[in-house]
Amino acid sequence: MKVVKSVSKASALFLLSLFFLTGCDIPVLQPKGPVGRQEYHLILWSFGLMSVVVLIVFILFAVMIIKYRANRKDTTNYDPENHGSAKLEVLWTIIPIIIVILMAVPTVTSEYNLQKSPTPSVKPLTVEATSIQWKWVFKYPEQGISTVNELYIPKDRPIKLVLNSQDAMASFWVPSLGGQIYTMTGMNTHMYLQADEIGTFQGRAANFNGKKFADQTFDVVSQSSSDFNNWVQTVKSTKPALTMNEYKKLEKPSVVGKMAFSAYPKQISNDAMNAKFGGMEGMPGMSDSSESKSSDDSAKSGSKADDMSGMSMKGGN
Amino acid sequence: MDQLMHFLTHKFFVTGEPMIYGADVAIAVATIGILFVLTYFKKWKWLWREWLTTVDHKKIGIMYIIAAILMLFRGGIDGLLMRSQLSFPGLKLLDAQHYNEIFTTHGTIMILFMAMPFIIGMINVAMPLQIGARDVAFPYLNAISFWLFFWAAMLLNLSFVIGGSPDAGWTSYTPLAENGLDPGLGENFYLLSLQITGIGTLASGVNFAVTILKMRAPGMKLMHMPMFTWSTLITSVIIVFAFPVLTVALAMLTIDRIFGAHFFTSTAGGDPMMWANLFWVWGHPEVYIVILPAFGIFSEVMSTFSGKRLFGYSMMVWSMVLISALSFIVWVHHFFTMGAGPAVNSFFGVSTMLIAIPTGVKLFNWLFTLRHSKIRFTVAHMWALAFIPNFVIGGLTGVMLAVAPADYQYHNSYFLIAHFHYVLIAGTVFGMFAGLHYWWPKMFGHILDEKLGKIAFWLWMVGFNVCFFPMYFVGLQGMTRRMYTYPANAGWTSLNFIETIGAFLMGIGFIVMVWMIIYSARHGERDVTGDPWDGRTMEWMTSSPAPEYNFATLPDMSGIDRFWYMKQEKGAVEKWRKQKIEEIHMPDNSGRPFIMCVLFFIAGFGLCFEWIWLAIVGLAGILLFMVLRSLFDPDEGHHIPVDVIERTEREAGRL
Ligand code: HEM
Ligand SMILES: [Cu+2]
Ligand SMILES: [Cu+2]
């Protein structure tokens, strides 16, 4: 464990000093929550291991091309028949195997760890997120409110995200808090995030999903839990409700600003949407294109709530 | 009439962009220019007889390589346009739509119409010579493969001015690439051009594998073959297993788009995730298809210019076999973020890391090939040597990407873009440049200018690292790939600007290379010996350029690097040259592959525009040609008489 720590520390020092030299902000290397931090430690560990290999190869390479250049003074050590050594070859098979083991073990452990809530003692806040070309709609089933392109969260409380997509495949990414997960139609993906600082973090859609992909950004606002509760009350008392008509407008491909709604219709909860995509109608937003064929001949086949049978996507539960 | 005009301006021709009109003009001027030059110098017959109808592997290889360099130019211009657009935040050089089209064509062209033909070209030029074959096993099929690639490349490039470019990325993920979210013709061009060139590649894979297994020189066992030939054999096997998956996936998406099926939409029970899986089941082996032959070239070049046998020959072979096997069980690392669960991600993460083991073995074998050697710093060798440190960076960041939970933070970011350019450029492109310098005398009979070559080399080396190294950090700063612009307050400006400078340095390096080729054609040192580098393998035994029949006679070729040892044995070379010359049987030229592939183009074009009648006409023509070939084509070939061979050899100074 000591070695792990010191390798990680050295890597961190090296990477961060690079950045302080350029004076930049590097969200991935300055995580603001336990999920991002776990990923960050893996990054440091693998970077450290890889740096050792890079160093060995670079030194060997430099020695070889300087020492054995053809125009050196003394070429008596030229040996055209030197073409193999069982000892050496075993050596450089075993060393990579050890390095791979050193990387594989923490990979598998954190892969399983990340499926669990980062703070199991605190009840997570569930948020449903839906990507629509080129915006994010968030729904808070417990609070009954909804927002667009802004995600308010209480600090120090795990957020359980349930994600899907209205159209193209997108990816939900808040580099300061943790890595990505895809959003898809007809099924949910799951992820935990948690912030342990107050602040506003940049989020964006990270998987290309059409023309204005670059503009599909959102803010994550982390607040103390009392501020969060106040915010919920304010939204409930001052904002309009999201009507189905209003939502139909959001379903069309467009870039929009931030919005908040005091309530939202049941039909747009993730599960209801997924059931709909199981095969009752064409994809909304797809059907109003005059070129589209999928709208008129979409089969009225039996509905399948989870279209993605065959691949288990419920890792988060 | 009005309807026709409307069709032409709204659907057929792409309109409304100054860059497109520029391209229209450039294409028209270039076409007229080529037609004029051919007519003026009375070259039509020559073109038809010597090139369009040839079945000679060496000429087909040269045509592949020329086409690949042209495509490197096209893809490179795309790259420079993207880098220009991103040099500062908020630029309006390219709008979102245009940027999306350009990264799509850049990726598609670089992988399928630059790297693939470059590699297949190198294989065509060198592999049959390395094993002492007269030609590949199926020369007629080889010509078909080339013309399929050529017309597919035409089809894709045409989409820039006619019909519209694809814009869903070179990965063309569904449901985005389906009709509903991406109407228009662009994606059809992607699907059909890949389909056509893919069929050609599959045929090449079969062709090369049979050639190597069946047509080696007397005495040459499998474990005596040059490493490039080994890499070709393994690559061919990967092609044979991987490309059918692409064929099927493309066909399914084509049926979705043109005939309204739902394989990849959740609308009627289809599964969008299935595309990502099928695409990468082909796509990951594909990246090994473009890297293994480069590995083969590095092995040849390093051992030649170090004056030493390759270190750990059999380990080198076995690690390639292992890499090729593992390449089929890692594809999910392209979408760890799809949420398939920890068991799946763990499996594919670890399997990916395993590839680092045989690759590391190869790397150390190359390094130790240099030990106790005499390193000659020719340009070919410099490209091969530069591969080592640059590729190591790409490879090891690849291992970092295999750490699935960490990949959640790198995925789709510029970290990934940096990684794959480090492996694709430092691996494949450097390999092709090394091979180009190395085999140029064998192709054209003269050596490429070393001085200009070194200038180009250093421009590339600096430009490449300046362009791509900062991308790792922009990625960690949260910049994702495929963004047409970024805001000024994101903090990404300075690194992006530096990257653009590097890209243009590579562009200048490319221009120097073109100049080097033109200059060397006039002033390059002639290669009269056929063995300008003190080579070790068979291709250096024949004259440069090699005669139509490759070798007048074949000696016993048992043992690794047999030619090099022959040169050490007194009288061995002379004895082989005095062997009795016999009549040689060669295949006949044929115009049919060319015409048949034009029909493929016509059928593909028809399907792109969804003019089913035209597709049927094209396909019927193709069928007719197949029937002709099967039933009425004796394909007897011709014999080169002994006196002609003797005259050719005498003129080359080898009798
Ligand atoms: C001439 C030097 C090159 C430059 C300046 C360059 C630049 C770029 C840039 C900036 C991107 C990212 C675009 C984006 O995501 O917004 C990109 C993507 C890509 N490049 Fe290159 N590149 C070069 C050479 C190559 C080569 C030689 C290959 C392959 C052999 C290649 C293959 C790709 C691929 C596959 C993509 C992904 C396209 C996609 O996202 O669909 N590039 N390139
Ligand atoms: Cu899915
Ligand atoms: Cu891969």
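The values are calculated or read from the model by the stated rules, or taken from the named source; none is laboratory data. Source: prediction; values computed, not measured. As a convention, Cβ positions derive from the backbone with ideal geometry for all residues, glycine included, and neighbour counts pool all protein chains shown.
Worth a mention:
- Any hit, the stretch B:328-343, residues being part of a helix (DSSP H, G or I), away from ligand 3 (no atom under 16 Å from the Cβ) and over 30 Å from B:Lys567 (Cβ atoms): yes
- Here is the figure for the stretch B:43-66: residues that are in a helix (DSSP H, G or I) and closer than 16 Å to B:Arg592 by Cβ total 5.
- Residues in the stretch A:39-71 that are of a type outside the set (A, V, I, L, M, F, W, C), in contact with a strand residue (DSSP E or B) (Cβ under 8 Å, 6 or more places away or on another chain) and assigned to a helix (DSSP H, G or I): A:Glu39 only.
- Only one of the listed residues (A:Tyr40, A:Tyr68) is out of contact with any Phe, Trp or Tyr (no Cβ under 6 Å at 6 or more places or on another chain) and either loosely packed, with under 13 Cβ neighbours inside 10 Å or at the interface with another protein chain (Cβ under 7 Å from one of its Cβ atoms) (or both). That residue is A:Tyr68.
- Taken together, B:Thr9, B:Thr54 contain a single residue that is hydroxyl-bearing (Ser, Thr, Tyr), more than 28 Å from B:Gly107 (Cβ to Cβ), touching a residue at least 12 places away in the same chain (Cβ under 8 Å) and surrounded by 12 or more Cβ atoms within 10 Å (Cβ to Cβ), which is B:Thr54.
- The condition (being exposed (fewer than 13 other Cβ atoms within 10 Å of the Cβ) and either under 14 Å from B:Trp366 (Cα atoms) or at the interface with chain B (Cβ under 8 Å from one of its Cβ atoms) (or both)) is satisfied by just one residue among A:Ala104, A:Ala86, A:Ala62: A:Ala62.
- Residue within the stretch A:141-164 that is assigned to a loop (DSSP other than H, G, I, E, B), at the interface with chain B (Cβ under 8 Å from one of its Cβ atoms) and more than 24 Å from A:Lys123 (Cα to Cα) present: no
- Options B:Gly427, B:Gly453, B:Gly435: the member that is in contact (Cβ under 8 Å) with a residue 24 or more places away in the chain and within 16 Å of ligand 3 (Cβ to nearest atom): B:Gly427
- Annotation for the stretch B:224-237: at least one member residue is modelled with pLDDT of 95 or more, out of contact with any strand residue (DSSP E or B) (no Cβ under 7 Å at 6 or more places or on another chain) and within 13 Å of chain A (Cβ to nearest Cβ).
- Residue in the stretch B:613-655 that is surrounded by the most Cβ atoms within 10 Å (Cβ to Cβ), counting only those that are within 32 Å of the chain's Cα centre (by Cα) and among the β-branched types (Val, Ile, Thr): B:Ile622
- Within the stretch B:484-507, if we keep just the residues that are within 7 Å of another protein chain (Cβ to nearest Cβ) and free of Cβ contacts under 8 Å to residues at least 24 places away in the same chain, the residue that is farthest from ligand 1 (Cβ to nearest atom) turns out to be B:Gly491.
- Flag for B:Ser324 being surrounded by fewer than 24 Cβ atoms within 10 Å (Cβ to Cβ), touching a Lys or Arg at 6+ places or on another chain (Cβ under 7 Å) and not β-branched (Val, Ile, Thr): no
- When restricted to residues that are closer than 25 Å to B:Phe377 by Cβ, touching a Lys or Arg at 6+ places or on another chain (Cβ under 9 Å) and of a type in the set (Asp, Glu), the stretch B:510-567 contains 5.
- Pick from the stretch B:339-352, criterion at pLDDT 95 or above, at the interface with another protein chain (Cβ under 7 Å from one of its Cβ atoms) and surrounded by fewer than 24 Cβ atoms within 10 Å (Cβ to Cβ), ranking: farthest from B:Met273 (Cα to Cα): B:Val350
- Considering residues of the stretch B:363-374 that are part of a helix (DSSP H, G or I) and farther than 20 Å from B:Ile393 by Cβ only, the residue nearest to the chain's Cα centre (by Cα): B:Thr369
- Restricting B:Gly33, B:Gly76 to those that are surrounded by 15 or more Cβ atoms within 10 Å (Cβ to Cβ) and part of a helix (DSSP H, G or I) reduces the list to B:Gly76.
- Residue within the stretch B:376-392 that is buried (at least 22 other Cβ atoms within 10 Å of the Cβ), at the interface with chain A (Cβ under 9 Å from one of its Cβ atoms) and among the small types (Gly, Ala, Ser) present: no
- Only one of the numbered conditions (1) assigned to a helix (DSSP H, G or I); (2) surrounded by 15 or more Cβ atoms within 10 Å (Cβ to Cβ) is not met by B:Glu574, and that is (2).
- Test result for A:Val174, within 14 Å of chain B (Cβ to nearest Cβ) and touching an Asp or Glu at 6+ places or on another chain (Cβ under 6 Å): no
- Members of the stretch B:175-197 found to be among the charged types (D, E, K, R) and without any contact (Cβ under 8 Å) to a residue 60 or more places away in the chain, listed by number: B:Asp182
- In this structure, B:Pro389 does satisfy being away from ligand 2 (no atom under 16 Å from the Cβ), under 30 Å from A:Ala70 (Cβ atoms) and at pLDDT 95 or above.
- Residues in the stretch A:89-100 that are of a type in the set (A, V, I, L, M, F, W, C) and at the interface with chain B (Cβ under 9 Å from one of its Cβ atoms): A:Leu91, A:Trp92, A:Ile95, A:Ile97, A:Ile99, A:Val100.
- Scan of the stretch B:255-310 for residues that are surrounded by fewer than 24 Cβ atoms within 10 Å (Cβ to Cβ), outside any helix (DSSP H, G or I) and more than 10 Å from chain A (Cβ to nearest Cβ), ordered by number: B:Phe263
- Here B:Tyr472 passes the criteria (1) within 27 Å of the chain's Cα centre (by Cα); (2) assigned to a loop (DSSP other than H, G, I, E, B); (3) of a type outside the set (S, T, N, Q) except the one numbered (2).
- When B:Gly349, B:Gly360 are screened for being over 23 Å from the mean Cα position of the chain (by Cα), assigned to a helix (DSSP H, G or I) and closer than 15 Å to A:Val57 by Cβ, only B:Gly360 passes.
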